[in-house]
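J.: If you scroll down you'll find the structure; I have some questions about it.
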Amino acid sequence: MTLSFQEIRQKALDGILLTRQEALAVLRLSDAELPDLLDTAYVLRKAHKGNTVGIHVLTNARSGVCDQDCVYCAQGRASSSPIERYSFADPKIFLDHARAGARLGIARHCIGLSGIRLDDALVDRLCRQVERLKEEMRTPVCCSLGFLRPGQARRLREAGVDRINHNLNTGRNFYPRICTSHSYDDRVRNIRMLQEAGFEICSGGIAGLGEDHGDLADMFLDLANLRPHSVPVNFFLPLAGTPLASRDVRGLTPEYCLKVLCLARLLLPGADLRCAAGREVYLKDAQPLLFRVADTVFASGYLTADGDSVERTIRQIQDAGFDYRLE
Ligand code: SF4
């Protein structure tokens, strides 16, 4: 049965969750149908998020030193990437990032820690750092932390962490191909525990790891059921020294990247949809179009990869006819 895009469009606009088959059809639309898809995504984006774009900056609070074997990551045991490795960033770096961001009006300060399990002493250090940030400025704080124990989650919540990032990364069936040291279901369980602890959840994934359309559709459908507040969509950047360093990423055309973002918007219309790593590399001149779909972006880089500066990102947003969000 051929699915008509008009039927899919109407379903999405009526707020009805698409089926897997319909989600697959979105990823497989021809490039000629992309303008209609972008128009549909924009109707939803405007209804839920207006015409503003939030800018987030990321501080890498712990780099490398991770015992997990995620094949896409420069910080794990499967990588020999020449990255900086440290177990906790100098507190001055947090404050410098946060102050610079606050001056420019960033919408959210995201703090990433490599690794999947944190000891209590490290959680306490992080709590003290978050308390200092929250005392000095009111910027919301999101942390990316691996698997927390319920007591650690409570302490971070009390310290002022608003949101926790824990990505699904890819579809359930493909997950064992990108990581064997923990499972997809470990990730789902952690997200549910964090929701019960009162956190907003940020959870998304990576396109271009070698997954097929079905894997990506499955991931977004699972995310739609988990109802995260924000959904970062990354486009895979092969990093030297990682097992996927020579992965063929020619399929990540600007048109395909936009279809992936549109699918996320159609399935999670009210979420903060964040175009994350890879936007500068793969979307190129099509970057103005991404703001019709995504309502937040990162600036100043992505943990172990560079990205556009905050100032340049603000200019891109304004040149595309959008406002950047001051929160
Ligand atoms: S993605 Fe996270 S858990 Fe996996 S290797 Fe990288 S830092 Fe470790």
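J.: Whether any residue in the stretch 297-317 is at pLDDT 95 or above, out of contact with any Cys (no Cβ under 7 Å at 6 or more places or on another chain) and either closer than 21 Å to Val188 by Cβ or part of a helix (DSSP H, G or I) (or both) is what I want to check.
T.: no
J.: In the stretch 1-50, how many are free of Cβ contacts under 8 Å to residues at least 40 places away in the same chain and of a type in the set (Phe, Trp, Tyr)?
T.: 1
Table: residues versus (1) touching a strand residue (DSSP E or B) at 6+ places or on another chain (Cβ under 7 Å); (2) within 16 Å of the ligand (Cβ to nearest atom); (3) assigned to a helix (DSSP H, G or I).
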{"residue": "Asn173", "(1), (2), (3)": "no, no, no"}
{"residue": "Arg177", "(1), (2), (3)": "no, yes, yes"}
{"residue": "Ser181", "(1), (2), (3)": "no, yes, no"}
{"residue": "Asp185", "(1), (2), (3)": "no, yes, yes"}
{"residue": "Asp218", "(1), (2), (3)": "no, no, yes"}
{"residue": "Ala224", "(1), (2), (3)": "no, no, yes"}
{"residue": "Ala245", "(1), (2), (3)": "no, yes, no"}
{"residue": "Val249", "(1), (2), (3)": "no, no, no"}
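J.: Can you find a residue in the stretch 141-158 that is more than 16 Å from the ligand (Cβ to nearest atom), crowded, with 20+ Cβ neighbours inside 10 Å and within 30 Å of Arg20 (Cα to Cα)?
T.: no
J.: I would also like to ask the following. Give me a count of the residues in the stretch 82-123 that are surrounded by fewer than 18 Cβ atoms within 10 Å (Cβ to Cβ) and within 16 Å of the ligand (Cβ to nearest atom).
T.: Adding up the residues that qualify gives 8.
J.: Okay, moving on. Which numbered condition trips up Thr59, out of (1) within 16 Å of the ligand (Cβ to nearest atom); (2) among the β-branched types (Val, Ile, Thr); (3) farther than 30 Å from Ala245 by Cα?
T.: Among (1) within 16 Å of the ligand (Cβ to nearest atom); (2) among the β-branched types (Val, Ile, Thr); (3) farther than 30 Å from Ala245 by Cα, Thr59 violates only (3).
J.: Let me ask something else about it. Which of the residues spanning the stretch 152-180 are small (Gly, Ala, Ser) and at pLDDT 95 or above?
T.: Correct list: Gly171 only.
J.: Hey, can you tell me all the residues within the stretch 62-77 that are more than 6 Å from the ligand (Cβ to nearest atom) and either of a type in the set (Gly, Ala, Ser) or under 19 Å from Glu211 (Cα atoms) (or both)?
T.: First, the residues of the stretch 62-77 that are more than 6 Å from the ligand (Cβ to nearest atom): 62-65, 67, 69, 71-72, 74, 77.
Ser63, Gly64, Asp69, Val71, Tyr72, Ala74, listed by residue number.
J.: Continuing with the same structure: Return the only residue of Pro176, Pro228, Pro150 being closer than 25 Å to Asp295 by Cβ, free of Cβ contacts under 8 Å to residues at least 60 places away in the same chain and not hydrophobic (A, V, I, L, M, F, W, C).
T.: Pro228
J.: Of everything in the stretch 51-105 that's of a type in the set (A, V, I, L, M) and part of a loop (DSSP other than H, G, I, E, B), which residue is modelled with the highest pLDDT?
T.: It comes out as Val71.
The values are calculated or read from the model by the stated rules, or taken from the named source; none is laboratory data. Values in this document were obtained by computation on a predicted structure and should not be read as measured data. Counting neighbours? That spans all protein chains shown, and the Cβs are built from the backbone with ideal geometry, glycine included.
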